[in-house]
Amino acid sequence: MQNKFLAQAKQKIENFRIYDLATDTLNHFTPKEQFSLKADVAYGTHPRQMLDVYKSQNPRSDRALIVFVHGGTWSNGKKEDFLFLAGSFTQDGFDVAIINYRLAPEFIFPYYVDDLVQALNYLHNEQTQLGISTENTILMGHSAGGFNVMSALYHPNAYTLDCPIKAIVGLAGAYHFDYLGDKNLEKAFDLKKTYQEVMPSFFVKKNNIHHIMLLASTDLLVANSNTFNMHKKLLEMGNNSQVYRIPHTGHASLLGSLAVQFSRFFKTKDTIMMALTETLTPR
């Protein structure tokens, strides 16, 4: 019995992340009056193939939908952690969907990208039932989630993407890096493949999607070269791409600064709203 208790305690310690404590606090103090929640909607058969839909109580006239993909080195994270993000954007009239995806090391690339494509197609095909519209869909990803959203568009995958994408918002995204030699990253990829065969930056195609990429002023986890390399490739193909550096933020606090409690103290939310307003305004 004692050994079992020690094993459980050890597992809890290993699984604990200070990041989880921060998101729990943000979620607790996020006002819940701005949205209605449809939780644990299955878009596939695996237990991780679930999404939550937050419908704004005061939706925008364009019915824009933000689909958010969390980070966590492709091995951590859950959709419930990001209620604070949904609360922030539903306050401005966006509907928000937050997805779970299958995690490494059990599932390596491209499984988690395939999951995103499946989730987007599910939202598109079931939009009437869900009470949303995918006509103005915005993909938003943080860190590893940024890799997922770019890869869903720019890497050959097993599923055709049927959901139309209006814009991508990348938050400290990992778009262009070599995972070989990094134990935390290696477990999420097939080590027989080089990063040139995997990174979305090598597969950019011309399209009309607006790419909005935000950098933290002090990011000690994901190198800024990820964003600048992706930006360069997008521009080379004639795509619309903008990069913004957000003062006084780090890798995790860039995302946390979107919470309603803190957004007025940072430029993160205003920058995204400015760029999305330009993207969604009819011409």
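The values are calculated or read from the model by the stated rules, or taken from the named source; none is laboratory data. Note that the structure is a prediction, hence the values are computed from the model and not measured. Note that each Cβ is placed from the backbone with ideal geometry, even for glycine, and that neighbours are counted across all protein chains shown. Remember, those area values only see protein heavy atoms, side chains included, never the ligands or the DNA or RNA. Shrake-Rupley method; radii C 1.70, N 1.55, O 1.52, S 1.80 Å.
Among the candidates Gly141, Gly93, Gly87, the residue that is at pLDDT 95 or above and in a helix (DSSP H, G or I) is uniquely Gly87.
Checked against the criterion of being open to solvent by 20 Å² or more (accessible area, probe 1.4 Å) and closer than 14 Å to Ser143 by Cβ, the candidates His231, His210, His251 yield just one match: His251. What are the pairs with Cβ atoms under 8 angstrom where one residue, in the range 136-159, is in contact (Cβ under 8 Å) with a residue 40 or more places away in the chain and the other, located anywhere, is part of a loop (DSSP other than H, G, I, E, B) and among the polar types (S, T, N, Q)? Sequence gap at least six, or different chains. Taking only residues 6 or more apart or on different chains, the pairs are Ser143/Thr73; Ala144/Thr73; Ser151/Asn157; Leu153/Asn207. From the list Lys232, Lys206, the lone residue that is modelled with pLDDT of 95 or more, touching a Gly at 6+ places or on another chain (Cβ under 6 Å) and not polar (S, T, N, Q) is Lys206. If a residue must be open to solvent by less than 50 Å² (accessible area, probe 1.4 Å) and part of a strand (DSSP E or B), how many such residues does the range 55-66 contain? Final tally of qualifying residues: 3. Against the test of being over 19 Å from Leu254 (Cβ atoms) and touching a residue at least 60 places away in the same chain (Cβ under 8 Å), the options Pro110, Pro105 yield a single qualifying residue, Pro105. So is Leu276 under 25 Å from Arg102 (Cα atoms) and of a type in the set (A, V, I, L, M) or not? So Leu276 fails the test. Return yes or no: is Leu103 at pLDDT 95 or above, in a helix (DSSP H, G or I), of a type in the set (A, V, I, L, M, F, W, C) and closer than 25 Å to Glu197 by Cα? Answer is no for this residue.
Residue count for the range 31-54 satisfying the condition of being closer than 23 Å to Ala275 by Cβ and either in a strand (DSSP E or B) or within 20 Å of the chain's Cα centre (by Cα) (or both): 2.
Would you say Thr90 is among the β-branched types (Val, Ile, Thr) and either in contact with an Asp or Glu (Cβ under 8 Å, 6 or more places away or on another chain) or over 18 Å from Ala259 (Cβ atoms) (or both)? Criteria not met by Thr90.
The listed residues are Ser143, Ser88, and the only one of them that is within 23 Å of Thr25 (Cβ to Cβ) and touching a Leu at 6+ places or on another chain (Cβ under 6 Å) turns out to be Ser88.
For Phe147, the requirement of being in a helix (DSSP H, G or I) and either over 25 Å from Asn76 (Cβ atoms) or at pLDDT below 95 (or both) is not met.
Among what's in the range 67-80 and is assigned to a loop (DSSP other than H, G, I, E, B) and open to solvent by 40 Å² or more (accessible area, probe 1.4 Å), pick the residue that is nearest to Leu258 (Cα to Cα).
Top of the filtered list is Lys78.
Would you check if there is a residue in the range 157-180 being at pLDDT below 95, in contact with a Pro (Cβ under 6 Å, 6 or more places away or on another chain) and surrounded by fewer than 19 Cβ atoms within 10 Å (Cβ to Cβ)? Taking every residue of the range 157-180 in turn, at least one turns out to be at pLDDT below 95, in contact with a Pro (Cβ under 6 Å, 6 or more places away or on another chain) and surrounded by fewer than 19 Cβ atoms within 10 Å (Cβ to Cβ). Just so you know, in the range 106-153 the residues that are of a type in the set (Ser, Thr, Tyr) and closer than 22 Å to Lys193 by Cβ include one that is farthest from the chain's Cα centre (by Cα), and it is Tyr111.
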